[in-house]
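The values are calculated or read from the model by the stated rules, or taken from the named source; none is laboratory data. Keep in mind that this is a model prediction, so the values were computed, not measured. With ideal geometry, Cβ positions are generated from the backbone for all residues, glycine too; neighbour counts draw on all protein chains shown.
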Amino acid sequence: MTDDDLLTPHEVPPPPGFREGLADRTARLVRTRARFRAAGRLVLPVVGFLAGLGVAWIQPTPGPRVEYVTVEVEVPIPVAVPPPSPPSPAELELRAEQLTVKAESARVYREAGDRYLHEWADHRAALRCYRNFLDMAGPGDLAAAREDTWLLTSLKNARESENPQ
Amino acid sequence: MTDGAWRERGLRDAVLRGDDRAWRAWYDAEHPGLEAYVLWRCGGLRDAADDVLQETWMTAVRKMRAFDPAAGSFRQWLCGIAANVVRNYLRSRRRRTARQEALTGEEIRADSAAPDRERAERIAAALAAMPDRYEAVLRMKYVDRMTVAAMAATNGETEKAVESLLSRARAAFREAYGDD
């Protein structure tokens, strides 16, 4: 058989009443489905409303409401007061010059000399202060002592060699 | 959208509202074309065609919401449904036959008309196995009885291209059908 023979449709009449019967069945289905759709449009909002009511009914009642009160309390903030700074070596030297009591002036000159030497590394100023100290110091302070700095020890030794007693 | 698409849109909306008369008019207009297509796809087997037609129309009513006139005509949509129904029908028929043969242990031959029936089933199976493009061009030629010029105008192709496509579609059909 040729392709045309195989592919050409053959007229085979349908069973009597088939077409009409199918038309009736499909028309019934069309009506039924339309009715269901219309019913769905009506029922759906009601079902939604009832579901909302159900949820509201099932949901537990809320407990007593807690109110939060804000109270402002002033807390003093500690302010750090810096300790008074010690006088500088220069201020000490000036104070020593102004003191009238020799022993006190000598003590302050020595302190100024120590501070010039250790803090500022100003040997010239330290030497000046130590010399004034030795000029004003009593005999007890002229002997070399353990707490003397190397510069003061050198000065004391030099004075002792210049003025042997 | 074309006038036809607007008309089909109106019919669809009327059917969705449950308009019986609109449905009857649409059904009467489309049934002959669909019947011819389904009968062709079933290789001329009337009982298979009736089953497929019934299932196709019922599916069309159930899925009416999904029909979009802007995407294609109602006829095309119906033929798409029918093609799927035919494939499922042939598949389930093959399974059923294989089960029966396994139970009885011999090949089933129903009656004296069996050779014709077998040939018809082979035609249906060959058409079901063909690519959509080939099936469409064969449908235009043998079911819609369109000329090559009309097919070319519909597809937006040259007549030569349509003839070539027809030739390839026939060859594919012959290959799927096998030798007599």
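Which of (1) closer than 26 Å to residue A:38 by Cβ; (2) of a type in the set (Asp, Glu); (3) more than 21 Å from the chain's Cα centre (by Cα) does residue B:30 not meet, given it meets every other one?
(3)
Residues that are free of Cβ contacts under 8 Å to residues at least 24 places away in the same chain, within 13 Å of chain A (Cβ to nearest Cβ) and not small (Gly, Ala, Ser): find the helices (runs of 4 or more DSSP H) completely inside segment B:15-110 holding 2 or more of those.
Of the helices (runs of 4 or more DSSP H) lying wholly inside segment B:15-110, those with at least 2 residues that are free of Cβ contacts under 8 Å to residues at least 24 places away in the same chain, within 13 Å of chain A (Cβ to nearest Cβ) and not small (Gly, Ala, Ser) span B:20-41, B:46-62.
For residues that are within 19 Å of residue A:99 (Cα to Cα) and among the small types (Gly, Ala, Ser), scanning just segment A:113-165, find the one that is surrounded by the most Cβ atoms within 10 Å (Cβ to Cβ).
A:113
Kindly indicate whether any position in segment A:27-46 is in a loop (DSSP other than H, G, I, E, B) and closer than 30 Å to residue B:59 by Cα.
There is no residue in segment A:27-46 that is in a loop (DSSP other than H, G, I, E, B) and closer than 30 Å to residue B:59 by Cα.
Test residue A:56 against the criterion of being part of a helix (DSSP H, G or I), at pLDDT below 85, out of contact with any Ser or Thr (no Cβ under 9 Å at 6 or more places or on another chain) and away from chain B (no Cβ under 14 Å), and give yes or no.
yes
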